[in-house]
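Enquirer: I have a structure I would like to understand better, so I am pasting it below and will then ask my questions one at a time.
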Amino acid sequence: MNYKFLYLLIPLTLLMYACQQKNNTNLTSSLSSTESNSALMAKLESEAAYVYQSNKGVLYRAYYQTDQNVLIQTPEKLLILPQKEAWAKGALYKNESISWEAQADQIIFKTAGKTEKLYQVSPLVKTYENEQQQIKITTTLENEQNYVLVERKDAPNIKLKQNDKTANASLYSNDSVQWIETKQGATLIINGIENRFEPKK
């Protein structure tokens, strides 16, 4: 047996393994060691998460944590970035090579020398009104399903699942309530009684 060759092979194998581990670490180096991937994904799929879309239609999810970090799901991986700056309507989160700048309902995402502009698609808050009342509608994307939360004064909140969508309208409903939203306005139907609403100006 060629022991000299064996002695050379062992350190080479260890070096290759260390490089592989380093590469793997780079992919997840921003992840919290105290939470599992499933726990992180649960946060990203909750109603408290934000969903953004690029100009190419790619979705990104973000969960802004109480420790001033942001948890991000990109198409390639999960990240946790620390907050570096904050101002009235935004904040900057970054590490050595990645930055996530939140400004109102838009994001500037920089990674690997590439800059993308992202636009918030969930949650979206709209206000409607008629002569009798005002209504607040919050649209969210949870587990790849759209929902609306209907909030009215002196009435219980109602959460409805989207059941249909056409070019002109979106329908959210349960057994007794329907919310039909169009570009011109919306209709709330409770137990067969219709109320028409216009977007608040």
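The values are calculated or read from the model by the stated rules, or taken from the named source; none is laboratory data. It should be emphasised that the depicted structure is a prediction, and the values quoted were computed from it without experimental measurement. Here the Cβ positions follow ideal geometry from the backbone for every residue, glycine too, while neighbour counts run over all protein chains shown. Ligands, DNA and RNA are excluded from the accessible area calculation, which covers all protein heavy atoms including side chains. Shrake-Rupley method; radii C 1.70, N 1.55, O 1.52, S 1.80 Å.
Enquirer: State the number of residues belonging to the range 42-77 that are free of Cβ contacts under 8 Å to residues at least 40 places away in the same chain and hydroxyl-bearing (Ser, Thr, Tyr).
Expert: 4
Enquirer: For the range 46-68, enumerate the residues that are more than 20 Å from residue 119 (Cβ to Cβ) and open to solvent by less than 40 Å² (accessible area, probe 1.4 Å). Before the answer, list the steps.
Expert: Within the range 46-68, the subset more than 20 Å from residue 119 (Cβ to Cβ) is 46, 65-68.
Listed by number, the residues that qualify are 46, 65.
Enquirer: Residues to consider are 155, 104; find the one that is over 24 Å from residue 45 (Cβ atoms) and among the aliphatic types (A, V, I, L, M).
Expert: 155
Enquirer: I would also like to ask the following. Quickly run through the range 43-67 and pick out the residues that are touching a Lys or Arg at 6+ places or on another chain (Cβ under 6 Å) and not in a strand (DSSP E or B).
Expert: 44, 49
Enquirer: So is residue 76 at pLDDT 70 or above, among the acidic types (Asp, Glu) and within 19 Å of residue 112 (Cβ to Cβ) or not?
Expert: yes
Enquirer: Residue 91 fails exactly one of the following numbered conditions: (1) under 30 Å from residue 199 (Cβ atoms); (2) open to solvent by 50 Å² or more (accessible area, probe 1.4 Å); (3) without any contact (Cβ under 8 Å) to a residue 40 or more places away in the chain; (4) not in a loop (DSSP other than H, G, I, E, B). What is the number of that condition?
Expert: Every condition holds for residue 91 apart from (2).
Enquirer: Report yes if residue 162 is assigned to a strand (DSSP E or B) and more than 19 Å from residue 193 (Cα to Cα), otherwise no. Give the steps one after another, and end with the answer.
Expert: Values: assigned to a strand (DSSP E or B): yes; more than 19 Å from residue 193 (Cα to Cα): yes.
Yes: the conditions hold for residue 162.
Enquirer: State all residues of the range 165-181 that are in a loop (DSSP other than H, G, I, E, B) and either touching a Phe, Trp or Tyr at 6+ places or on another chain (Cβ under 7 Å) or open to solvent by less than 70 Å² (accessible area, probe 1.4 Å) (or both); if no residue qualifies, say none. First the steps, then the outcome.
Expert: Taking the range 165-181 and keeping what is in a loop (DSSP other than H, G, I, E, B), we get 166-168, 174-176.
Of everything in the range 165-181, just one residue is in a loop (DSSP other than H, G, I, E, B) and either touching a Phe, Trp or Tyr at 6+ places or on another chain (Cβ under 7 Å) or open to solvent by less than 70 Å² (accessible area, probe 1.4 Å) (or both), namely 176.
Enquirer: Need pairs with beta-carbon distance below 9 Å; first residue at positive phi and within the range 105-133, second in a strand (DSSP E or B) and crowded, with 16+ Cβ neighbours inside 10 Å; sequence gap 6+ or separate chains.
Expert: 112/98
Enquirer: Looking only at the range 134-146, filter to residues that are free of Cβ contacts under 8 Å to residues at least 40 places away in the same chain and assigned to a strand (DSSP E or B); which one of those is farthest from residue 44 (Cα to Cα)?
Expert: Residues of the range 134-146 free of Cβ contacts under 8 Å to residues at least 40 places away in the same chain: 136, 138-139, 144-146.
Subset that is assigned to a strand (DSSP E or B): 136, 138-139, 145-146.
On the way: 136: 24, 138: 18, 139: 16, 145: 13, 146: 15 Å.
Once the filter is applied, the top-ranked residue is 136.
Each row is one residue, and each column tells you yes or no for (1) under 20 Å from the mean Cα position of the chain (by Cα); (2) at pLDDT 95 or above.
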{"site": "64", "(1), (2)": "yes, yes"}
{"site": "67", "(1), (2)": "yes, no"}
{"site": "71", "(1), (2)": "yes, yes"}
{"site": "90", "(1), (2)": "yes, no"}
{"site": "98", "(1), (2)": "yes, yes"}
{"site": "106", "(1), (2)": "yes, yes"}
{"site": "120", "(1), (2)": "yes, yes"}
{"site": "129", "(1), (2)": "no, yes"}
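Enquirer: Residues in the range 182-197 that are more than 28 Å from the chain's Cα centre (by Cα) and open to solvent by less than 100 Å² (accessible area, probe 1.4 Å): how many?
Expert: Number of matching residues: 5.
Enquirer: Being of a type in the set (Gly, Ala, Ser) and closer than 14 Å to residue 137 by Cα is the filter here; which residues of the range 156-201 pass it?
Expert: Hits for the range 156-201 are 170, 173, 185, 186.
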